[in-house]
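Chemist: Dumping the structure here so I can ask a few things about it.
Every number here is computed from the coordinates shown, using simple stated rules; none is lab data. Since we're looking at a predicted model, the values are computed, not measured. Positions of Cβ are backbone-derived with ideal geometry, glycine not excepted, and every protein chain shown enters the neighbour counts.
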Amino acid sequence: MRLLLDTVALIFAVESPERFTKRATAILQNTENILELSTISLSEIAIKAARGKLKFSAADTRRALEDLDLRVLPYTANHAFSLFDLPLLHADPFDRQIIAQALSEEIPVMTCDEKFSLYKGLKVLW
């Protein structure tokens, strides 16, 4: 299965894996799954780290990508255009872009953020 990790899922995987559900842990550990992280998440981490809201360095992020065997999913114009039709059920601009990307790619998102479940057609795993 191909799936997109939300930014918080990546951070939990590195800093507090005990916060994962058994289901989420099993999904992460299944080597047949294709795990992806959006370039939006990379931007979110960099911006929040620069503002002092997150203690996660570029090196930490690179190591997480490698350790979790994550592919980086580029954010395209098609992903951005799908934001025009996305209802405003979640105010966070990073999360909205990740939601739009997952809907465009037709892949589930791994997140504990309950607001993701408000979007019709989006499969959320946790």
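Chemist: GluC sites (Glu not before Pro) within segment 78-123: which are DSSP loop residues with at most 16 other Cβ atoms inside 10 Å?
Modeler: Values: sites: Glu105, Glu106, Glu114; in loops: Glu106.
Answer in residue order: Glu106.
Chemist: Could you work out the local net charge near Leu54, counting Lys and Arg as +1, Asp and Glu as -1, over the other residues with Cβ closer than 9 Å to its Cβ? Intermediate values should be presented prior to the final figure.
Modeler: Working: positive: Lys48, Arg51, Lys53, Lys55; negative: Glu44.
Summing Lys and Arg as +1 and Asp and Glu as -1 gives +3.
Chemist: Sticking with this structure for a sec: Excluding Ser38 itself, calculate the net charge of residues whose Cβ lies under 15 Å from the Cβ of Ser38, where each Lys or Arg counts +1 and each Asp or Glu counts -1.
Modeler: Working: positive: Arg2, Lys48, Arg71, Arg96; negative: Asp6, Glu36, Glu44, Asp92, Asp95, Glu105, Glu106, Asp113.
Computed value for this residue: -4.
Chemist: Using +1 on the beta carbon of Lys and Arg, -1 on that of Asp and Glu, and nothing else charged, what's the dipole of the chain about the Cα centre, debye to 20?
Modeler: Values: 15 positive and 17 negative charges, 47 e Å.
Once rounded to the nearest 20, the dipole reads 220 debye.
Chemist: Need the full-extension length gain, Thr76 to Lys55, defined as separation in residues times 0.36 nm minus the C-alpha distance. One decimal, nm. Could the numbers behind the result be given before it?
Modeler: On the way: separation 21, 0.36 × 21 = 7.56 nm, distance 2.78 nm.
Taking Thr76 through Lys55 to full extension adds about 4.8 nm, to one decimal.
Chemist: Determine, for the chain, the count of lysine pairs separated by eight or more sequence positions (or lying on different chains) whose alpha-carbon distance falls under 28 Å.
Modeler: The result is 9.
Chemist: In deg cm²/dmol, rounded to 500, what helix-only [θ] at 222 nm does the chain give when every DSSP H run of at least 4 residues adds -39500 (n - 2.57) and the total is split over its residues? Before the final figure, lay out the partial values.
Modeler: Values: 6 runs with 57 residues, N = 126.
Value at 222 nm, helices only, nearest 500: -13000 deg cm²/dmol.
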